[in-house]
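The values are calculated or read from the model by the stated rules, or taken from the named source; none is laboratory data. Remember, it's a predicted structure, so these values are computed and weren't measured experimentally. Methodologically, a virtual Cβ is constructed for each residue, glycine included, from the backbone with ideal geometry; neighbour enumeration extends over all protein chains shown. Side chains are part of the model used for accessible areas, which takes the heavy atoms of the whole protein and leaves out ligands, DNA and RNA. Shrake-Rupley method; radii C 1.70, N 1.55, O 1.52, S 1.80 Å.
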Amino acid sequence: MNFVVNKSDLKVVGSRPVRPDGVDKVTGRAQFGADMALPGMLIGRIKRSPHPHARIVSIDTSKALALPGVKAVVTAADFPDIASEEAFVGEGPMNFRDLSRNCMARDKVLYEGHAVAAVAAISDAAAEAALDAIAVEYEVLPHVIDAEAAMAADAPLLHADLFTAGMEPKPTAPSNVAKRVHFGLGDIAAGFAAAEVVVEGRYTTQAVHQAYIEPHACIASANADGQSVIYGSSQGHFMVRAYVAKLLGMDMSNIRVVPLEIGGGFGGKTVVYLEPLALQLSRKTGRPVKMVMTREEVFRATGPTSGGTVEVKIGAKKDGTITAAQARLVFQAGAYGGSPVGAAAMCAFACYDVANVDVEGFDVVSNRPKVAAYRAPGAPIAAFAVEGAMDDLARKLDMDPIALREKNGAKAGTKAAYGPTFPDIGFLQVLAAAKAHPHYSAPLGPNQGRGVAVGFWFNIGGESSASVFVNEDGTVNVVSGSPDIGGSRASMAMMAAEVLGVPVESVRPIVADTAAIGFTGVTGGSRVTYATGMATVQAAEKVVEQLKQRAALIWDISPDAVDWKDGEAVPAGANAGGFDPLPLAAIALKAAKTGGPITAEVSINAQGAGPGFGAHICDVEVDPETGYTTILRYTAVQDVGRAIHPSYVEGQIQGGAVQGIGWALNEEYVYDGKGMLQNPGFLDYRVPVASDLPMIEPVLVEVPNKRHPFGVRGVGEVPIVPPMGAVGNAIRAAIGQRMHDLPMSPPRIRAALSK
Amino acid sequence: MSRHHVTATVNGEPAEFLCDSQNSLLDALRNELRLTGTKEGCGSGDCGACSVIVDGRLVCSCLMLAVEAEGKTIQTIEGLADGDRLHPLQRKFLEHAALQCGFCTPGFLVAAKALLDHNPDPTETEARFWLAGNLCRCTGYDKIIRAVMDAAAEMRQEAAA
Ligand code: FES
Ligand code: FES
């Protein structure tokens with residue numbers, strides 16, 4: 001059933017109840033990845049490479065194994081040598097061989113912090129001593145950190161068998177370029193020939209980490225008969241099961257993954273690092289093994305997202321009509337191919353209706369940790385460049401920046417350069433709301449500037465499962481397979497309550513393990529409220545059908561003659577008979593006599609996730625002496641389709657915007673000349689703190705997505721796309737100069753000002 | 001190497017535990033007393049997830065040695081509610097949706113309690129600077145600050161009544 005109900009008909013959707021898992025989280029009871037302990041548990045730790053690039057000559061574990069309390073050591077020799085195989089399990093393409101070698105280096109280490117061995121011991125101290133006692137002999141190789149340097153013909157080669165994909169003809173020599181993407185629309189040369197104004201620029205961004213506050217953690221417990229359980233926090237326990245089964249050569253039915261609460265992921269927990277090692281150590285020792293990363297390990301060996309270089313060129317008529325748009329993107333992939341350059345290329349001009357587009361992108365490996373998904377992977381990097389160029393264009397044309405975007409804005413029917421024709425989208429409504437917002441016309445003081453930028457993200461649907469159980473007393477449980485990172489239990493309960501017509505407090509949601517609910521993809525791609533929500537709605541609808549049948553049985557009339565209204569069965573009309581309404585609880589009480597338990601499980605592959613658009617307005621003040629940028633005011637407008645729980649939608653927008661502000665102003669991976677990461681901690685890798693920021697005002701525009709029963713669009717990723725452009729454009733307005741390189745830190749701004 | 005025996009008052013009750021010399025108070029709380037509401041986000045004093053109150057002072061428990069807890073009075077997140085009555089800060093965090101993943105939440109609540117113990121009527125700027133030692137990567141702080149300000153207002157009203 002697909003319908004978009006009138007907002008005024010909704011009782012639960014759109015309200016702001018307290019989330020069902022809330023009390024556990026404010027009292028410290030919620031169990032996150034590192035909070036569990038099992039009897040007889042060992043502690044697992046990882047030995048990591050001190051070199052950015054080296055051949056592993058030998059690993060001697062004998063001294064470590066001889067230490068008291070050390071129970072097992074594993075190296076690559078203890079894992080199957082996985083063949084190259086592309087997969088799509090997490091939030092992007094993944095090659096199983098690369099994943100396996102990223103978890104445990106084989107033959108070569110490719111970045112400082114790359115795992116070379118793992119130990120299990122009876123205590124932290126014993127595990128620590130074992131790490132020191134493992135002797136690894138390396139043959140150090142020349143390294144390369146910068147992606148453009150890695151593209152040079154004489155650059156140190158990471159993989160002797162890496163031939164650039166997407167090239168015609170196929171290259172004959174290996175290189176560090178894993179992939180080239182290229183697509184376009186129309187005739188780019190003709191587009192620029194028709195242009196009366198051209199702007200261009202070369203922009204760079206740095207690698208930044210997702211920086212979830214909870215480090216990766218899990219406990220794995222293998223039984224003698226092969227049955228295993230993994231407890232941990234991740235963005236998808238089915239993803240963990242799939243990867244671990246593949247990497248260890250096990251049957252999926254022998255691996256049960258139990259989701260614990262997850263302390264943030266933002267894409268960074270859509271892959272595995274610890275789980276295969278912990279389970280292998282558990283299989284070797286016969287005891288549960290707990291592994292928790294330190295913050296330093298999180299920075300050195302997980303995430304981050306790519307740094308990138310984006311060259312952008314836009315041509316337009318004097319009236320603002322864009323005639324041509326071109327971009328060339330070079331993205332760091334880290335040690336193995338798989339940067340989000342493809343997604344970035346697709347998103348680059350997706351906000352605009354342009355006839356002639358040409359986008360080329362390169363996915364380049366270098367001696368950095370393998371990148372992982374980070375909130376709208378790739379899109380913010382492209383948007384920083386494109387939105388900077390759009391700002392330059394507005395200045396050149398002396399046009400209002402929102403009016404320029406309105407003139408070229410994508411709408412229903414626009415053919416996007418990356419392929420599809422947009423369905424009902426809300427970009428123009430978003431721009432109108434931004435323009436009308438009082439922020440946009442508020443006065444500014446000296447050294448202050450205002451910037452505007454927009455952003456796009458596809459949003460996805462995908463595979464999800466959900467069950468709805470009616471309990472004997474008429475209360476309800478909703479079960480899904482989607483880890484809840486930001487309040488999705490609340491939205492599942494609300495959608496089920498809406499369909500069933502019962503108070504949301506009578507619906508209790510849980511997230512079930514891999515053996516207790518059907519397959520469900522990762523919490524990523526802004527898909528959970530959309531796809532798992534759709535499965536939940538459909539399961540609730542099936543339950544309503546059953547409730548109507550049960551009422552029909554009780555009344556002895558045809559099920560067609562029963563309606564469901566406000567949580568009660570009622571006769572469909574006067575002809576159906578004069579029965580008193582039967583509330584859900586009354587039907588539940590008689591379930592045994594009318595056919596047994598009232599339950600439904602639905603598994604779907606949801607299609608039609610509506611694309612999302614946002615527009616951000618940012619005011620800054622730049623201190624001309626120090627180059628320090630203060631964010632004075634920030635407004636984020638977004639088409640959210642329909643907000644199920646508006647507070648958590650606002651929260652996604654506020655959180656995403658602030659991550660983008662950090663990316664714009666402070667955050668970066670800093671390497672020394674030896675290929676060592678210099679800032680693997682929160683002191684030197686500075687994420688925004690409360691005193692850096694003003695309130696972030698979210699403005700929710702609701703253009704319902706007709707493919708979802710309540711009109712939901714994904715909301716989590718769009719808000720991180722515009723901020724770097726919005727901040728950059730605001731700084732441009734404040735200091736009169738374009739900052740092309742991230743982060744726009746005080747030293748950089750001072751340097752620009754003193755030029 | 002023999003372990004140290006430490007006696008302290010934790011959340012109003014006598015508590016004792018054994019620890020090694022190098023163990024932090026955070027290790028002792030989480031591993032020995034199994035009070036896992038106090039979180040470890042960094043272990044280096046940079047994230048505030050491990051915030052506890054020791055003899056009335058807000059500290060990062062990852063930076064304090066467990067042996068230093070001898071004779072001290074320690075409040076953790078587990079002691080914030082009065083039985084099943086949530087502290088106003090806890091209630092306001094829920095009402096304002098001031099948590100997403102919830103991992104930073106115990107640290108924020110403990111730090112905010114320490115703030116309001118010292119200063120029942122903070123300005124927004126004071127609250128932002130007091131809480132600057134607590135990282136939240138999910139919320140952008142907006143709803144956290146609102147929840148703290150709202151809880152402070154309610155507590156002042158109750159105190160005046
Ligand atoms: S864990 Fe103590 S400050 Fe981060
Ligand atoms: S709610 Fe996730 S870190 Fe604060």
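Largest first, the residues A:I604, B:I144 sort by 1.4 Å accessible area into A:I604, B:I144. Note on the protein assembly as shown: helix-only mean residue ellipticity at 222 nm, from DSSP H runs of 4+ residues weighted -39500 (n - 2.57) and normalised by residue number, equals -8000 deg cm²/dmol. Note on the range A:461-605: dipole from Cβ charges, positive end direction compared against A:Q538, A:V522, A:G578; the farthest Cα belongs to A:V522.
Counting only residues at least eight positions apart within a chain, or on another chain, the lysines with an alpha carbon under 23 Å from that of A:K25 are A:K269, A:K290, B:K39, B:K92, B:K113, B:K143. Which distance in Å, rounded to a whole number, links the C-alpha centroids of the range A:137-192 and the range A:378-423? That distance is 29 Å.
In terms of the mean number of neighbouring beta-carbon atoms within 10 Å, the peptides A:323-336, A:712-725, A:143-156 order highest first as A:712-725, A:323-336, A:143-156. Computed over the range A:71-155, the quotient of the alpha carbon radius of gyration and 2.2 N^0.38 Å is 1.35.
Note on chain B: Kirkwood hydrodynamic radius from all Cα pairs is 16.0 Å, rounded to one decimal.
Between the helical axis of B:105-118 and the longest alpha-carbon principal axis of chain B there is an angle of about 70 degrees. The distance between label points at A:N471 and A:S558 comes to 3.7 nm (points 7 Å beyond Cα on the Cα→Cβ vector). Shielding of B:104-112 by partners, i.e. mean partner chain Cβ atoms within 10 Å per residue? Rounded to a whole number, the mean comes out at 3.
Relative contact order for chain A: what is it in percent, counting Cα pairs under 8 Å that are at least 6 residues apart? After rounding, I find 16 percent. Using a Gaussian network model of chain B in which every pair of alpha carbons under 10 angstrom is joined by a spring, one finds that among B:D82, B:D20, B:D117 the greatest mean-square fluctuation is at B:D82.
Can you figure out the FRET efficiency of A:Q737 with A:A165, using R₀ = 35 Å and their beta-carbon distance, to the nearest 0.05? Once rounded, the FRET efficiency stands at 0.35. Take chain A with all the other protein chains still there, run a 1.4 Å probe, and you get 34 Å² of accessible area per residue.
From the largest down, the range A:226-342 spans 72, 31, 26 angstrom on the principal axes of its Cα atoms.
Taking Cα centre as origin and charging only the Cβ of basic (Lys, Arg, +1) and acidic (Asp, Glu, -1) residues, the dipole magnitude of the range A:341-470 rounds to 240 debye.
In the assembled protein chains, A:S253 presents an accessible area of approximately 100 Å² (probe radius 1.4 Å).
Relative to its Kirkwood radius, the Cα radius of gyration of the range A:461-605 gives an Rg/Rh of 1.02.
Taking all protein chains as present, what is the carbon and sulfur share of the accessible area of the protein assembly as shown, in % to the nearest whole number, probe 1.4 Å? Percent of accessible area from carbon and sulfur atoms in the protein assembly as shown: 51.
Give the average, rounded to an integer, of partner chain Cβ atoms located within 10 angstrom of each Cβ in A:262-268.
4
Maximal additional length on extending the A:V197-A:A412 stretch stands at 74.7 nm, based on 0.36 nm per residue less the C-alpha distance. Just so you know, the Rg over Rh for the range B:3-79 is 0.91, from Cα atoms, with Rh as the Kirkwood radius.
Placing +1 on the Cβ of every Lys and Arg and -1 on the Cβ of every Asp and Glu, with nothing else charged, gives chain B a dipole about its Cα centre of roughly 340 debye.
Between A:S253 and A:K317, the contour length at 0.36 nm per residue exceeds the alpha carbon distance by 16.9 nm.
Radius of gyration (Cα atoms) of the range A:136-239, expressed as a multiple of 2.2 N^0.38 Å: 1.79. Simple spin-label estimate for A:L753 and A:A125 gives 5.3 nm between the two label positions (7 Å along the Cα-to-Cβ direction from each Cα). Largest first, the three principal axis extents of the alpha carbons in the range A:612-689 are 50, 31, 20 Å in whole numbers. Where the centre of each part is set by its Cα atoms, how far does the range A:535-559 sit from the range B:115-143, in angstrom? First find each Cα centre; the distance between them is then 50 Å.
All other residues whose Cβ lies under 11 angstrom from that of B:A147 are scored, Lys and Arg at +1 and Asp and Glu at -1, for a net of 0.
Relative intensity of the range A:452-497 on a log10 scale, I(q)/I(0) at q = 0.20, 0.27 Å⁻¹, equals -0.79, -1.09, per a Debye sum over C-alpha point scatterers of equal strength in the absence of solvent.
In the range B:3-79, Cα pairs under 8 Å separated by at least six residues give a relative contact order of 39 percent. The charge dipole of the protein assembly as shown, taken about the Cα centre with unit charges on the Cβ atoms of Lys, Arg (+1) and Asp, Glu (-1), comes to about 860 debye, rounded to the nearest 20.
Inter-label distance, A:E85 to A:A515: 2.4 nm, where each label sits 7 Å from its Cα along the C-beta direction.
Shown is the FRET efficiency for A:L683 and B:E126, computed with R0 = 22 Å from the Cβ-Cβ distance and rounded to the nearest 0.05: 0.40. Which one, B:A66, B:G12, B:T38, is farthest towards the positive end of the dipole of chain B when Lys and Arg carry +1 and Asp and Glu -1 on their Cβ? Of B:A66, B:G12, B:T38, it is B:T38.
Counting only other residues whose beta carbon sits under 12 Å from that of A:I145, what net charge do I get with K and R as +1, D and E as -1?
-2
Over all pairs of different C-alpha atoms in the range B:88-160, the reciprocal of the mean inverse distance, the Kirkwood hydrodynamic radius, equals 11.9 Å. The lysines within cross-link reach of A:K590, meaning a Cα-to-Cα straight distance under 21 Å and a gap of 8 or more places when in the same chain, are A:K542, A:K548, A:K565. When the accessible areas of B alone and A alone are added and the area of the pair subtracted, with a 1.4 Å probe, the result is around 3800 Å², both sides summed. Rounded to two decimals, what is Rg over Rh for the protein assembly as shown when you use alpha-carbon atoms and the Kirkwood radius? Checking Rg against Rh, the ratio lands at 0.97. Could you tell me which of A:M167, A:P276, B:S24 has its Cα farthest along the dipole of the protein assembly as shown towards the positive end, charges placed at Cβ (Lys, Arg +1; Asp, Glu -1), taken about the Cα centre? Highest projection toward the positive end goes to A:M167.
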